[in-house]
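Structure, as structure tokens:
The values are calculated or read from the model by the stated rules, or taken from the named source; none is laboratory data. All of these numbers come straight from a predicted model, not from anything done at the bench. Note: ideal-geometry Cβ built from the backbone for every residue, glycine included; neighbour counts use all protein chains shown.
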Amino acid sequence: MKEKDELQEKSIAEECAKAAARLLESVSRTAQLSSLATPQMQEMFGEWLDIIGRQITREQELPGNIDITARAEEIGISGSTLLGVLLHLHRQGTISITDVGVEKGSGRNEDICSCMKGE
């Protein structure tokens with residue numbers, strides 16, 4: 001019984017160490033990315049948001065529904081990014097989000113590409 005408890009404690013400690021390593025790596029990446037937040041980069045990002053926003057509103061019948069997955073693929077962005085742009089447009093008063101549909105997810109973070117996961 002004691003060996004089983006020690007084995008379980010060792011397994012928990014190993015999992016905690018792995019989680020801490022992933023957290024440290026994530027903090028490091030965040031720090032690296034934050035150094036890119038120059039005024040010029042922020043302006044370019046704002047222009048990109050405007051371009052994508054105009055593309056969405058120009059091609060979307062209002063009122064209407066958006067298939068997030070299909071529309072994101074058409075534009076060339078992730079579904080999560082599209083949702084973020086829609087929220088930006090909503091906050092600006094350009095559109096009003098009235099309904100949101102949900103379904104079971106894949107069980108993994110779809111926004112993190114394999115290059116960021118070290119795969």
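In the stretch 85-119, of all residues being assigned to a helix (DSSP H, G or I) and modelled with pLDDT under 90, the one that is surrounded by the most Cβ atoms within 10 Å (Cβ to Cβ) corresponds to M116.
Out of E73, E43, which single residue is without any contact (Cβ under 8 Å) to a residue 60 or more places away in the chain and exposed (fewer than 13 other Cβ atoms within 10 Å of the Cβ)? It is E43.
Residues considered: R58, R54. Of these, the only one that is in a helix (DSSP H, G or I), exposed (fewer than 10 other Cβ atoms within 10 Å of the Cβ) and assigned by TED's automatic domain parsing to the domain that holds I75 is R58.
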